[in-house]
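A short worksheet on the structure shown next.
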Amino acid sequence: MNSSLLLILVLTLLNGPIDVPDHDNLSNLVPDRIVVRLRDDILEYEIKDITAHLGGKIIYKSPYLDFYTIEVPKGHSIEDFLYEYRKKKFVLYADRIAIGRICWTPDDPYFSYQWHLDSLHLDMESAWDIERGDTSVVIAVVDCGVAYEDYPIPSYEEHPTVKSSGGWYRLASDLNGVGFVQGYDFVNDDSHPNDNNGHGTHVAGIIAQATNNNLGMAGMIPDCSIMPVKVLNYAGWGYSTNIADGIVYAANNGADVINLSLTGAPGNSSGWSVVHDAVKLARDSCVVVVASAGNESVGQLSYPAGFEEVIAVAATEWQDSLAYYSQFGQGLDLSAPGGDLLHDRNDDNYGDGILQQTFRLDGDTCWVDEFYNYFFQGTSMSAPIVSGLAGLLKARGIEDPAYIEDIMYFTARDLGAVGYDIVYGWGIVDPSYALSFRDTIPPQFGILVLQNPYLEKWVDIWVFSSECLKGGDSPPDSVVVSIGGTMEEISLRNVPTVDRTYHSEYNLPLIEEMEIAVIGFDVGRNQGQGVRNYSFGKLSLDEFDLSTPDKFCKCSFLPNSVAEERYILSGKLDEYGMKWMGINNDRISIGEPYIIGTDDLLLSKEFSLAIRYELKGKDILEKKIAAYHWDEDLWRKLESLIDIENNIIYAKSDRLGVFRLFISDEETESCPYDNMMRLVGPNPIFSKTEFLFTIREPGRLSISVYDLLGREVKEFINNKVFPGEYRISWDGRDTNGRRLPNGSYIIHSEGLFAQSIKVVLLR
């Protein structure tokens, strides 16, 4: 994002005022400090000795994680310091110190609409009918402080950009009535974490601004308690070591949820090791940790959101699309409204930001005793929405953070590709659905065994669940294989982009009858189980579970527009026309795939796949081969088309999974021998006409109508197409729906074939 649109605030460890560097030149890593953490059983003198020997200086020791901040003197290399510490056995790790940035953009004050809470978006009125929170639920705002009290500004916190007419910090008027618990200021090392930037107060307001008080705006969970933890200075910047201390302090002092509306550089975890330690400690203490994905418009998360233990949140705008600035990528969990100040899609004459109260902002100057209402935008605004919902679920009596996460994931309103995707995660949070979620029905498991007759002791085990399982649809908790009195537990893997489907290859100890027992828990923590007995035998026409993969058959498709992997389906036709294809993301082991699909193919739409077969030496009626898809407990025949000349079968399916070839009862329709287009409707055209085109191989095709001067007046198709027959009608109108004058026109195609048909329009 352009730095002029983003008020950059960074984290610090220093006491008292510090000079603020130019925002545009601010590094992602502290240039003259490192962090060193020792192994538990090492005495402090060890690090003092090596630091003195290197010429460094210990400037801080954390009372929470026992890490040391080391100052590197001018003229010395940080990399040399890191190398020397990392050589020592008593050092657990030595790392750079990251600089994080909170993610928001302020705009003009005095606005009155909170569109993100309305019935079209979060529908909080319905949610508040179910739950408003409880003061026993504590949400820590680990940020730049909160305007939570009336308190004289200490001399060491005075700064020209921090203004107050009376020399006091003041309680924000719309936070009056909100419960606060004791927090801490890690910037100034005191117990008064007051906001002198504005960001933390706005974030706290999103979570818990006083609601139904005839004043200002509403918050997500108005009846909770807020713990202000200050890790950002007046300019909003500082060190990752501060964040780590703030997280551990919150976890040790009763926080149920920790909100981190701050980020580092996209995709770069350097300098964040100590924060990861703090996050893991918080999760071990049953605390939900939520963080902003970042505002750099790239397909990588920033840290701490990128850590597995953190709920990473992207930002959406009024239309529920990903906000233009929001980061996304692997590890993203949820989306929530973050605003878009560049547009006014709800026609209220203001940019569509997230409206909340904070103190008056005048450029870089903060008036900490005057409070206005501002629209801000950013993933800093979307993260506290998720934190607020987590707090509401906690108030409903749900103690387990993993359960809270699962409910939010499962009940999220799906956006983008069907199911989980890396653009929206599990979707946009749905508070009323999450708060009313109840599940008492255990999952059911279908089990498929695929025997490999070419590799005698190998089978593939597929498990299909009737509903999503806990842990973000993690594989079943237990899968036990029993053969000849021997029992062995195996691990299944999620099949990428396929909901509720899990797979494992298994090397048999014996070729005997096997039993597979599966136990798993769904989102509602109901236990389900399934058992499958499988008997090995000679291949026969009725035995559906026998198959093999190898290089003679290959196929792949792109599951959605942002996929980084190509999932290859591979297999070989056996003498009975059976074929198994398993999903695999190892492109090298199978060889160059036969690629089908398009970059804009979404799982919510039907897709096509191509299967190349080999029949040398097989006595099989070729035209009776068709593609089948395993559908929970049976093989379902797919709409198929066979290209006998090139030994390819094309098929259509509406979801990923396990596919194979099999001998069908009826003949499979053959591909046309030539690509061609023909007019099948009336010519001259009085109201509308139709034309038909057939395709025998995948490729790009464009078909448009032109006038006699060569000007395009109507485009019908300009895309990748798959083999089959297509019908298009034309009513004599142009692309904008306007009626065209009578006369002659040309329907012309380019790409897979070039052909022109002249038509006459008469009305």
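The table below gives the values:
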{"item": "Qualifying position, being small (G, A, S) and under 15 Å from the mean Cα position of the chain (by Cα), among A434, A383, A402", "result": "A383"}
{"item": "Criterion violated by A250 - all others in (1) assigned to a loop (DSSP other than H, G, I, E, B); (2) of a type outside the set (F, W, Y); (3) crowded, with 24+ Cβ neighbours inside 10 Å satisfied", "result": "(1)"}
{"item": "Yes/no for S756 being over 44 Å from the mean Cα position of the chain (by Cα) and not assigned by TED's automatic domain parsing to the domain that holds E645", "result": "yes"}
{"item": "Scope segment 701-726; condition under 30 Å from I611 (Cα atoms) and either over 38 Å from the mean Cα position of the chain (by Cα) or without any contact (Cβ under 8 Å) to a residue 24 or more places away in the chain (or both); matching residues", "result": "F716, I717, N718"}
{"item": "Y68 vs. criteria assigned to a strand (DSSP E or B) and touching a Lys or Arg at 6+ places or on another chain (Cβ under 6 Å)", "result": "yes"}
{"item": "Residue within segment 397-413 that is crowded, with 24+ Cβ neighbours inside 10 Å and among the hydroxyl-bearing types (S, T, Y) present", "result": "no"}
{"item": "Filter result for the condition that a residue is over 29 Å from A651 (Cβ atoms), touching a His at 6+ places or on another chain (Cβ under 9 Å) and free of Cβ contacts under 8 Å to residues at least 40 places away in the same chain, over S756, S744", "result": "S756"}
{"item": "Number of the condition not met by K470 [criteria: (1) of a type in the set (K, R); (2) surrounded by fewer than 21 Cβ atoms within 10 Å (Cβ to Cβ); (3) at pLDDT 90 or above]", "result": "(2)"}
{"item": "Members of segment 350-371 that are surrounded by fewer than 16 Cβ atoms within 10 Å (Cβ to Cβ) and modelled with pLDDT of 80 or more", "result": "T365, E370"}
{"item": "Criterion (part of a strand (DSSP E or B) and among the acidic types (D, E)) met by exactly one of E667, E725", "result": "E725"}
{"item": "Criterion violated by E669 - all others in (1) at pLDDT 80 or above; (2) crowded, with 16+ Cβ neighbours inside 10 Å; (3) of a type outside the set (V, I, T) satisfied", "result": "(2)"}
{"item": "Residue count for segment 220-242, restricted to those that are at pLDDT below 95 and not in a loop (DSSP other than H, G, I, E, B)", "result": "8"}
{"item": "Segment 172-201, subset on the phi > 0 side of the Ramachandran plot and more than 33 Å from the chain's Cα centre (by Cα), residue modelled with the highest pLDDT", "result": "D189"}
{"item": "Some residue of segment 55-64 being modelled with pLDDT of 85 or more, part of a helix (DSSP H, G or I), touching a strand residue (DSSP E or B) at 6+ places or on another chain (Cβ under 7 Å) and surrounded by fewer than 16 Cβ atoms within 10 Å (Cβ to Cβ)", "result": "no"}
{"item": "Qualifying position, being touching a Cys at 6+ places or on another chain (Cβ under 7 Å) and touching a residue at least 24 places away in the same chain (Cβ under 8 Å), among S380, S387", "result": "S380"}
{"item": "Count of residues meeting criterion [touching a residue at least 12 places away in the same chain (Cβ under 8 Å) and not in a loop (DSSP other than H, G, I, E, B)] in segment 130-187", "result": "23"}
{"item": "For N736: the one exception among (1) farther than 30 Å from L641 by Cα; (2) in contact (Cβ under 8 Å) with a residue 24 or more places away in the chain", "result": "(2)"}
{"item": "Whichever residue in segment 74-88 is touching a residue at least 40 places away in the same chain (Cβ under 8 Å) and either of a type in the set (S, T, N, Q) or in a loop (DSSP other than H, G, I, E, B) (or both) and, among such residues, is nearest to I47 (Cα to Cα)", "result": "K88"}
{"item": "Residue tally, condition assigned to a loop (DSSP other than H, G, I, E, B) and either assigned by TED's automatic domain parsing to the domain that holds L469 or modelled with pLDDT under 90 (or both), over segment 411-421", "result": "7"}
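For (1) in the same structural domain as V279 (by TED's automatic domain parsing); (2) at pLDDT 85 or above; (3) within 24 Å of the chain's Cα centre (by Cα), each residue gets a yes or a no:
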position: Y113; (1), (2), (3): yes, no, no
position: H116; (1), (2), (3): yes, no, yes
position: L122; (1), (2), (3): yes, no, yes
position: E125; (1), (2), (3): yes, no, no
position: I130; (1), (2), (3): yes, no, no
position: T135; (1), (2), (3): yes, no, no
position: D143; (1), (2), (3): yes, yes, yes
position: I153; (1), (2), (3): yes, yes, no
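The values are calculated or read from the model by the stated rules, or taken from the named source; none is laboratory data. These figures come from a predicted structure and were not determined experimentally. Cβ atoms come from the backbone with ideal geometry, glycine included; neighbour counts cover every protein chain shown.
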